[in-house]
Each structure stands twice: as C-alpha cells, then as structure tokens.
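Q: Here it is, the structure, as structure tokens.
The values are calculated or read from the model by the stated rules, or taken from the named source; none is laboratory data. As the structure is a prediction and not an experimental result, all values here were calculated from the model. Note that we place each Cβ from the backbone using ideal geometry, even for glycine, and neighbour counts take in every protein chain shown. Accessible surface areas use protein heavy atoms only, side chains included; no ligands, DNA or RNA. Shrake-Rupley method; radii C 1.70, N 1.55, O 1.52, S 1.80 Å.
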Amino acid sequence: MKKLEGLGKLLKAAGVKPAGAEAMVRDHIDEIQADARHHHAELIASVKALKEELVELQHNHASSVSEIRMATDLMRREIEMRSLAFGRTLRLAKFVLIIVVALQIILLVGLHTTTGSSLLDLGGFIPASNDVQARAPASVPAPAPTSSPQGAAAK
C-alpha cells in the first residue's frame, strides 16, 4: 500500500489528476496481466508441444529398438544356419574324400593284382627282392692277387 501511496504522490507532483492516474495505473496493470496471460498461454502451448514430441520420440525409440532386435535376431539365425550348413558341407566333404581315397586304394590293389606285380613294386620305384637277386652277377670275381712276401723276394 505504501508503494501505491508513493506512486500517487509522485503522479500528483507530476501534475496528473487522481482520476487519470488511477486509470493509467489500471491500464498498465491490465497490460501486465495480459502479457502474463499471453506468456502463460505460450508456455502451456510449448509444454504441450514438447509432450507430444516426447511421446513421438519415445515411440520412435521403441520402434527403433524393436527393429534393431529383429535385425540382430535375424542375423544371429542366419549365422547359425550358415554355420550348420558349413558343418554339413564339411562332413559331406570328409565322407566324399574317404570314399575317393578308398576307391583309389581299391583301384591300386586291383591293378597290382591283375598285373601280377608285387605290392612292393610301385612302378619300378622300389625294386622287388627278386629283381635285386636277378641283377646281381652269378659269380663274384675273386679278389685281385696281392703280392706275397715270397713273390717279392723272387723278383
């Protein structure tokens, strides 16, 4: 109240009539209140807009997290399936390799059996024991004569 009395005295000293001063003060207070209401309405609108954006962001975040989960699950399943397929392929390759090696061994044994050669004679790389005996000369030459002490004295 004292502030208003001081304002009234100030206005009287300025030469403003009391009725006009009261109207000026009321107009000023009304303008302040209108500005406050306007700012308050803007703040409420901003808060509502922020709430809507927050809800939209939460929805987008939830959908992004869901999509990431689905993508990682899909990648994990694909990796597992490829791993299983790779394991099956390796097992099949081992089986085929065993069959090929077995067929080669059977073929080699069959060839050696039908040609009548021994298993140790692999294309002439390892001579068979019969070949070694056949290649050895029938008679071994006698060692060369050495000089005897009696023969040296005779000379």
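Q: Kindly indicate whether any position in segment 85-96 is surrounded by 10 or more Cβ atoms within 10 Å (Cβ to Cβ), modelled with pLDDT of 55 or more, in a loop (DSSP other than H, G, I, E, B) and at negative phi.
A: The answer is no; no qualifying residue exists.
Q: Which condition number in (1) open to solvent by less than 100 Å² (accessible area, probe 1.4 Å); (2) modelled with pLDDT of 95 or more; (3) not charged (D, E, K, R) is the one that residue 79 fails?
A: Going through the list (1) open to solvent by less than 100 Å² (accessible area, probe 1.4 Å); (2) modelled with pLDDT of 95 or more; (3) not charged (D, E, K, R), residue 79 breaks only (1).
Q: If you don't mind, another one. Can you work out which of the residues in segment 13-23 that are at pLDDT below 75 and either in a helix (DSSP H, G or I) or hydrophobic (A, V, I, L, M, F, W, C) (or both) is surrounded by the fewest Cβ atoms within 10 Å (Cβ to Cβ)?
A: 19
Yes/no per residue for (1) out of contact with any Pro (no Cβ under 6 Å at 6 or more places or on another chain); (2) of a type in the set (Gly, Ala, Ser); (3) open to solvent by 90 Å² or more (accessible area, probe 1.4 Å); (4) at pLDDT 95 or above:
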residue	(1), (2), (3), (4)
26	yes, no, yes, no
29	yes, no, no, no
34	yes, yes, no, no
38	yes, no, yes, no
51	yes, no, yes, yes
61	yes, no, yes, yes
64	yes, yes, no, yes
67	yes, no, yes, yes
